[in-house]
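Everything below concerns the one structure shown next.
The values are calculated or read from the model by the stated rules, or taken from the named source; none is laboratory data. Keep in mind that what you see is a predicted model, and the values were worked out from it rather than measured. Neighbour counts are summed over all protein chains in view; Cβ atoms, including those assigned to glycine, are modelled from backbone coordinates with ideal geometry.
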């Protein structure tokens with residue numbers, strides 16, 4: 001997708017009934033002039049959040065006491081106002097070609113802060129990554145005049161930030177990125193869920209101390225080992241509730257719970273339903289399976 005250069009601003013009137021994300025500007029630029037310089041403390045158009053992605057060439061982004069060369073396939077995220085600067089490097093050998101998105105922090109600041117906290121102010125993203133594809137589409141739509149009202153603009157901002165956070169979460173919790181001890185322990189839980197498993201036993205299985213094992217497992221999977229085990233057990237229980245006529249007590253024992261009452265409590269805590277309600281549907285939807293994050 002070739003993107004024409006240009007900057008597109010949006011100043012829609014606020015809707016008193018709807019609290020919307022606010023798109024401020026988007027565009028594509030090619031810079032080859034050292035006069036291109038922005039200081040985050042001198043700008044008067046904030047508060048704003050800026051995502052700027054390099055297509056080719058490179059620029060400099062300085063934040064607090066760190067300096068980054070933002071090359072092709074990298075982006076920086078800046079809050080305006082804040083202590084940062086970005087500019088075209090005086091020693092550059094080719095133009096800095098980038099696309100950008102500027103938006104107000106209303107409604108979306110927690111997404112932004114979560115991403116920066118877990119990733120960085122400067123990140124590497126492939127050109128076909130969902131947030132980059134979406135940003136390219138936003139710029140193209142802006143150029144074509146298709147972002148014609150505040151609802152479309154708000155949807156663009158929210159979808160972009162959702163995709164950015166989703167990419168980070170998916171990457172962080174992608175099983176392929178887990179270390180070998182974490183993959184081994186997860187597989188052990190999935191294959192031995194019907195038995196009582198202590199954290200000491202599990203840590204010993206992968207040759208880690210209990211403290212380091214729990215910390216690394218939680219960082220990789222997004223769940224503590226105990227919560228991961230509960231998730232596996234409940235998912236297996238759902239299969240049995242739908243696929244067999246076994247009693248609640250029998251299913252509880254089969255998936256590793258010491259009593260039916262404890263199983264019911266754990267099942268309801270995770271799904272919002274009792275095992276009986278899940279099995280029968282009652283007055284609610286008849287779920288074949290429930291998906292968890």
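A compact table of results
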{"item": "Exclusive hit being surrounded by 15 or more Cβ atoms within 10 Å (Cβ to Cβ) and within 17 Å of the chain's Cα centre (by Cα), set 109, 167", "result": "167"}
{"item": "Strands (runs of 3 or more DSSP E) completely within region 2-74 that count 2 or more residues being surrounded by fewer than 20 Cβ atoms within 10 Å (Cβ to Cβ) and without any contact (Cβ under 8 Å) to a residue 40 or more places away in the chain", "result": "6-9, 58-63, 66-71"}
{"item": "Residue in region 56-65 that is under 26 Å from residue 153 (Cα atoms) and over 23 Å from the mean Cα position of the chain (by Cα) present", "result": "no"}
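Listed here are the residues, each with its yes/no results for (1) in contact with a strand residue (DSSP E or B) (Cβ under 7 Å, 6 or more places away or on another chain); (2) surrounded by 13 or more Cβ atoms within 10 Å (Cβ to Cβ); (3) assigned to a helix (DSSP H, G or I); (4) modelled with pLDDT of 85 or more.
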residue: 190; (1), (2), (3), (4): no, yes, yes, yes
residue: 197; (1), (2), (3), (4): no, yes, no, no
residue: 200; (1), (2), (3), (4): no, no, yes, yes
residue: 238; (1), (2), (3), (4): no, yes, yes, yes
residue: 242; (1), (2), (3), (4): no, yes, yes, no
residue: 246; (1), (2), (3), (4): no, yes, no, yes
residue: 264; (1), (2), (3), (4): no, yes, yes, yes
residue: 283; (1), (2), (3), (4): no, no, no, no
